[in-house]
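Engineer: Following this message is one structure expressed as structure tokens.
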Amino acid sequence: MNAFARQVLDWYDVEGRHDLPWQRSATPYSIWVSEIMLQQTQVSTAIPYFERFLERFPDVTSLARARRDEVLAHWSGLGYYARARNLHDAAAIVVDEYDGGLPQTLDELVALPGIGRSTAGAILALGFGKRAFILDGNVKRVLARYFAVPGWPGHTSVARELWNLAEQLTPHENVADYTQAIMDLGATLCKRSDPGCARCPVRERCAARIAGNQSEFPHRKPRATRRQRSVAVLLVRDPARRVLLERRPDTGIWGGLYSLPELADASEAASWCASRLGAGVASRQSLEPIDHSFTHFDLRIEPLMLELDGTVESVMDSADWLWYKPQGQLDVGIAAPIAALLSTLH
């Protein structure tokens with residue numbers, strides 16, 4: 001075993017995380033779910049979602065047979081909802097084509113929706129104990145600093161070099177522990193800001209620490225101008241004070257979730273109610289805008305509350321529409337800022 005792997009493993013035995021929910025009774029399925037949740041999400045945020053998700057969907061079969069709305073409901077608030085849709089789609093493939101057992105080769109895993117090379121490596125190493133390689137954000141940071149690898153890891157040439165280093169350092173034994181150990185090292189010590197170099201097990205040969213330029217590695221993504229968008233959303237209430245929700249398309253932001261109907265031009269709200277609901281508007285009120293940030297753009301949501309002047313007969317609960325009673329139980333996925341808005345209603 002190489003010295004780097006041995007030092008990381010020795011540190012992990014004493015300082016690593018050993019009681020995460022997906023470690024307590026690790027299965028390929030639980031590892032898969034946790035790895036998908038941990039994409040773009042901190043461990044502390046993911047834990048309660050993971051526990052609720054596994055309680056409802058304890059295995060691949062229960063996930064594959066669940067309604068998409070229910071899967072999204074258990075993901076609501078976690079963000080990046082394509083992860084949940086891909087997880088659901090992949091579960092159906094695993095049940096149909098692999099008899100409910102996750103495949104055990106890299107090529108087969110990366111062919112499933114939502115599983116990339118690093119996630120597949122984590123499933124193979126942590127779930128099956130196979131020698132496989134990972135390169136999540138934490139590992140990229142550790143390797144980029146240790147070897148002073150220049151450039152942004154999103155560039156192909158930089159990623160290729162980091163993958164080669166990840167393969168060279170991964171031992172042939174204790175692969176599962178090493179995989180968790182190097183992730184833990186990046187997550188708990190080798191942080192983006194204020195790295196704990198004094199307690200790092202590999203500090204003696206870390207090129208960035210020796211040069212004193214840890215903050216320069218890995219290089220940041222070239223900054224692009226953030227886009228700004230705004231949208232009017234209709235908070236339509238009938239005389240029973242129910243609110244109309246609309247399912248969003250599977251692609252795009254909040255794909256497959258329920259949200260409020262959107263209009264490019266709020267002045268068309270009354271004509272929209274007349275044409276889509278067959279109802280007039282008794283009153284309208286502009287509510288406080290909501291600012292919500294996505295990875296690549298900022299969205300300003302401008303809610304317009306519309307009180308209808310009569311019972312709506314033309315729109316009933318369906319696959320794409322439903323009437324929601326504020327403070328009631330929602331068993332479908334709903335966009336987080338919209339859920340927050342609805343929680344203020346009575």
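Just so it is clear, none of the values below were taken in a lab; they were calculated from the coordinates. All values derive from a computational prediction rather than experimental measurement. All Cβ positions, even for glycine, are placed from backbone atoms using ideal geometry, and neighbour counts span all protein chains on display.
Engineer: Using R₀ = 45 Å, calculate the FRET efficiency as 1/(1 + (r/R₀)^6) where r is the Cβ-Cβ separation of GLU70 and MET1; round to 0.05. Mind showing how you got there, number by number?
Structural biologist: Details: r = 45 Å, r/R0 = 1.01.
With R0 = 45 Å, the Cβ-Cβ based efficiency is 0.50.
Engineer: Going out from 0 in 10 Å bins, what whole percent of all Cα-Cα distances in segment 229-342 drops into each bin?
Structural biologist: 13, 49, 33, 4, 0
Engineer: Let me ask something else. With a sphere of radius 13 Å drawn around the Cβ of GLU288, what net charge do the other residues whose Cβ falls strictly inside it have (Lys, Arg +1; Asp, Glu -1)? Don't skip to the answer; put the middle values down first.
Structural biologist: Values: positive: ARG300; negative: ASP291, GLU302.
Charge balance in the 13 Å sphere: -1.
Engineer: Quick one: grab the alpha carbon gyration tensor of segment 22-102, order the square roots of its eigenvalues as a ≥ b ≥ c, and give me rounded if a/c is under 1.5, else prolate or oblate depending on whether a/b is larger than b/c.
Structural biologist: The shape class here is oblate.
Engineer: How high is the relative contact order of segment 229-342? Use alpha-carbon pairs under 8 Å, at least six apart in sequence, and give a whole percent. Before the final figure, lay out each step's value.
Structural biologist: Values: 215 pairs, mean separation 40.9, N = 114.
In percent, rounded to a whole number, it is 36.
Engineer: In a shell of Cβ-Cβ distance under 14 Å around SER193, excluding SER193 itself, what net charge do Lys and Arg (+1) and Asp and Glu (-1) give? Working shown, then result.
Structural biologist: Working: positive: ARG141, ARG145, LYS191, ARG192, ARG220; negative: ASP194, GLU216.
That works out to +3.
Engineer: Next question, about the same structure. Which length gain, in nm to one decimal place, applies between TYR80 and ASP96 when the Cα-Cα distance is subtracted from 0.36 nm times their residue separation?
Structural biologist: Details: separation 16, 0.36 × 16 = 5.76 nm, distance 2.58 nm.
That works out to 3.2 nm of additional length.
Engineer: Please state the relative contact order of the chain as a whole percent: Cα pairs under 8 Å, 6+ residues apart?
Structural biologist: Working: 557 pairs, mean separation 58.4, N = 346.
So the answer I get is 17 percent.
Engineer: Only Cα pairs within less than 10 Å get springs; with that Gaussian network setup on the chain, which residue of VAL158, VAL142, VAL33 has the largest fluctuation?
Structural biologist: Greatest mean-square fluctuation among the candidates belongs to VAL158.
Engineer: Under unit Cβ charges (Lys, Arg +1; Asp, Glu -1), what dipole magnitude, rounded to 20 debye, does the chain have relative to its Cα centre? Let's see the in-between values first.
Structural biologist: Working: 38 positive and 41 negative charges, 238 e Å.
Using Cβ point charges on Lys, Arg, Asp and Glu, the chain gives about 1140 debye.
Engineer: If you don't mind, there's one more thing I want to ask. Under a straight-distance cross-link criterion of Cα-Cα below 19 Å, which lysines are reachable from LYS221, leaving out those fewer than 8 residues away in the same chain?
Structural biologist: LYS140, LYS191
Engineer: Turning to a different aspect of this structure: May I ask for the distance between the Cα centers of segment 262-287 and segment 130-189, given as a whole number of Å?
Structural biologist: The two parts, judged by their Cα centres, are 53 Å apart.
Engineer: Further question: In the chain, how does Rg compare with the Kirkwood Rh, expressed as the Rg/Rh ratio over alpha carbon atoms?
Structural biologist: Taking Rg over the Kirkwood Rh, I get 1.06.
Engineer: Further, regarding this structure: At R0 = 25 Å, how high is the FRET efficiency between ALA336 and SER215 if r is their beta carbon distance? Nearest 0.05 is fine.
Structural biologist: Numbers: r = 32 Å, r/R0 = 1.28.
Result of the calculation: an efficiency of 0.20.
Engineer: Taking the mean number of other Cβ atoms within 10 Å as a proxy for protection, how do you rank 96-108, 145-157 from highest to lowest? Present the calculation step by step, with values, prior to reporting the outcome.
Structural biologist: Numbers: 96-108: 13.8, 145-157: 15.6.
Result, highest mean first: 145-157, 96-108.
Engineer: Now, a different point. Please give the length that would be gained between ASP13 and LYS130 if that part of the chain were fully extended, namely 0.36 nm times their separation in residues minus their C-alpha to C-alpha distance (nm, one decimal).
Structural biologist: Numbers: separation 117, 0.36 × 117 = 42.12 nm, distance 1.98 nm.
Additional length available on full extension: 40.1 nm.
Engineer: Another one. Determine the sum of side-chain charges near LEU9: Lys and Arg each +1, Asp and Glu each -1, restricted to other residues whose C-beta is under 15 angstrom from that of LEU9.
Structural biologist: Working: positive: ARG6, ARG17, ARG131; negative: ASP10, ASP13, GLU15, GLU173, ASP177, ASP184.
So the environment of LEU9 carries a net charge of -3.
Engineer: Once you keep just the Cα pairs under 8 angstrom separated by 6 or more residues, what percentage relative contact order results for segment 1-90?
Structural biologist: Values: 45 pairs, mean separation 22.3, N = 90.
Dividing the mean separation by the residue count of segment 1-90 yields 25 percent.
Engineer: Which helices count as membrane-span-like in the chain under these terms: full DSSP H, at least 15 Å along the axis by C-alpha, Kyte-Doolittle mean of -1.0 or more? Please report the intermediate quantities before stating the final value.
Structural biologist: On the way: long enough: 3-15 (17 Å, -0.16); 43-56 (20 Å, -0.04); 82-98 (22 Å, -0.11); 156-169 (20 Å, -0.12).
The qualifying helices are 3-15, 43-56, 82-98, 156-169.
Engineer: Which residue, SER34, SER118, SER193, tops the fluctuation ranking in a GNM of the chain built on C-alpha contacts under 10 Å?
Structural biologist: Of SER34, SER118, SER193, the most mobile in the Gaussian network model is SER193.
Engineer: In nm, to one decimal, how far is the HIS346 label point from the SER25 one, both placed 7 Å along Cα→Cβ?
Structural biologist: The two pseudo-label positions are separated by 4.4 nm.
Engineer: Please give the charge dipole size of segment 229-342, origin at the Cα centre, charges +1 on K and R Cβ atoms and -1 on D and E Cβ atoms. Round to the nearest 20 debye.
Structural biologist: Values: 10 positive and 16 negative charges, 31 e Å.
The dipole of segment 229-342 has a size of about 140 debye.
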